[in-house]
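Asks: Dropping the structure in here first, questions after.
What follows is calculated from the coordinates using simple rules that are stated; it is not laboratory data. Note that the structure is predicted; figures quoted are calculated from it, not measured. Virtual Cβ from ideal backbone geometry, glycine too; neighbours counted across all protein chains shown.
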Amino acid sequence: MAATEPKPATDTTDYGVGHVAIIMDGNGRWAKNRGWPRLVGHRKGAERVKEIVRACPDLGVRWLTVYAFSTENWKRSTEEVLGLMGIFARYIQREADGLSAEGVRMRFIGERSRLDPKLQNLMAGIEARTAGNTRLNLTVAINYGGRDEITRAAAQIAREVAEGRLALEAIDEAALSARLDTADLPDPDLVIRTSGETRTSNFLPWQAAYAEYEFTPTLWPDFTPQVLAGILERFGARERRFGGVKG
């Protein structure tokens, strides 16, 4: 199916941030606070993703990367893991038409082989369907871990050297970056973690080396476009020197 013509942005506010990455935390606590099962919080969190995706273009954000499931999340109960996988599949199925209509390109990072083949097929399908969209680039990290990603990239480099396809002298930062899952994505300008936790949890450690960080106590299901706009406004007031000196 041909990609839908990107929807023009209206009333766009530019805070000077092109790529926002979000560690979406707090779904389980949000549900527990209300006496509900954790999966209810995850379903509410999926609805919040949809709302934030729709808000990003008008906030000047062209790239959005969200941390949906880490390599460590397999340690959770079988019920929760299976429930999350079902939520991912339903999100892709239900949002495919809407994402296309909104001009959103969707893709995934992470190691896919452990995922259910049906989910893998859905992921590949929506990536192909939305490949030509440009209004917003949405990247979802599923079975993603930064150390795992770097390890896989290093192993690929080692194979290429062993096979004579890559010279040792050609190994530099650019060579490793080109073999990461995010090879065709810009580095994030801003990384946000919700729920009050102040750790990065193995999320984009290479790519976010010079990103600004914002830790908010807001639980992900309560993270509205207005909260995001406030964070972006604060980001716009920061001075990013990338190791240099002002002036």
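Asks: Among Phe108, Phe215, rank each residue by its count of other Cβ atoms within 10 Å, from fewest to most, as a rough exposure measure.
Replies: With the sparsest Cβ surroundings first, the list reads Phe215, Phe108.
Asks: Under a Cβ-only charge scheme (Lys and Arg +1, Asp and Glu -1), can you give me the dipole magnitude of segment 81-138 about the Cα centre, in debye to the nearest 20? Before the final figure, lay out each step's value.
Replies: Details: 9 positive and 6 negative charges, 11 e Å.
Its charge dipole is roughly 60 debye.
Asks: If you don't mind, there's one more thing I want to ask. Could you size up the charge dipole of the chain around its Cα centre, putting +1 on the beta carbon of Lys and Arg and -1 on that of Asp and Glu, and report it in debye to the nearest 20?
Replies: On the way: 34 positive and 33 negative charges, 151 e Å.
Its charge dipole is roughly 720 debye.
Asks: Using a ≥ b ≥ c from the Cα gyration tensor of the chain (square roots of the eigenvalues), is it rounded, prolate or oblate, where a/c under 1.5 gives rounded and otherwise the larger of a/b and b/c decides, a/b for prolate?
Replies: Details: a/c = 1.33, a/b = 1.14, b/c = 1.17.
The shape class here is rounded.
Asks: How would you rank Asp148, Asp97, going from fewest to most other Cβ atoms within 10 Å of each one's own Cβ?
Replies: Numbers: Asp148 17, Asp97 11.
Lowest to highest Cβ neighbour count: Asp97, Asp148.
Asks: Continuing with the same structure: Return a whole-number percent for the relative contact order of the chain, with Cα pairs under 8 Å and 6 or more residues apart as the contact set.
Replies: On the way: 394 pairs, mean separation 69.0, N = 247.
Here the relative contact order equals 28 percent.
Asks: Then there's this: From the backbone phi of segment 111-125, what are the Karplus-calculated ³J(HN,Hα) couplings (6.51 cos²θ - 1.76 cosθ + 1.60, θ = phi - 60°) in whole Hz, Gly and Pro given as x?
Replies: 8, 8, 4, 7, 6, 4, x, 5, 5, 4, 5, 4, 4, 5, x
Asks: Which order results if Trp220, Trp30, Trp74 are arranged by neighbouring Cβ count within 10 Å, fewest first?
Replies: On the way: Trp220 27, Trp30 24, Trp74 11.
Exposure proxy ranking, most exposed first: Trp74, Trp30, Trp220.
Asks: Still on this model: Helix-derived [θ] at 222 nm for the chain: sum -39500 (n - 2.57) over DSSP H runs of at least 4, divide by residue count, nearest 500?
Replies: Working: 7 runs with 96 residues, N = 247.
Helix-only estimate at 222 nm: -12500 deg cm²/dmol.
Asks: Rounded to the nearest Å, what's the spacing between the alpha carbon centres of segment 149-171 and segment 50-64? Just the number, please.
Replies: About 36 Å separates the Cα centre of segment 149-171 from the one of segment 50-64.
Asks: Given a Förster radius of 30 Å and the C-beta distance between Asp58 and Phe215 as r, what FRET efficiency does 1/(1 + (r/R0)^6) yield to the nearest 0.05? Could the numbers behind the result be given before it?
Replies: Values: r = 25 Å, r/R0 = 0.82.
FRET efficiency, Asp58 to Phe215: 0.75.
Asks: When averaged across all projection directions, what area in nm² does the alpha-carbon convex hull of segment 1-144 cover?
Replies: Numbers: hull surface 35.8 nm².
Its Cα hull, projected and averaged over all orientations, spans 8.9 nm².
Asks: R0 = 41 Å: FRET efficiency of Glu163 with Asp97, Cβ-based, nearest 0.05?
Replies: Details: r = 44 Å, r/R0 = 1.06.
Result of the calculation: an efficiency of 0.40.
Asks: Under 12 Å from the Cβ of Val81, count the other residues' Cβ atoms, weight Lys and Arg +1, Asp and Glu -1, and hand me the total.
Replies: Details: positive: Arg38, Lys75, Arg76, Arg114; negative: Glu72, Glu79, Glu80, Asp116.
Once all neighbours under 12 Å are counted, the net charge is 0.
Asks: Between segment 220-240 and segment 25-47, what's the alpha-carbon centroid distance in Å?
Replies: 22 Å
Asks: In the chain, if the dipole is taken from +1 on Lys/Arg beta carbons and -1 on Asp/Glu beta carbons about the Cα centre, which of Leu115, Val81, Ala183 is farthest to the positive end?
Replies: Val81
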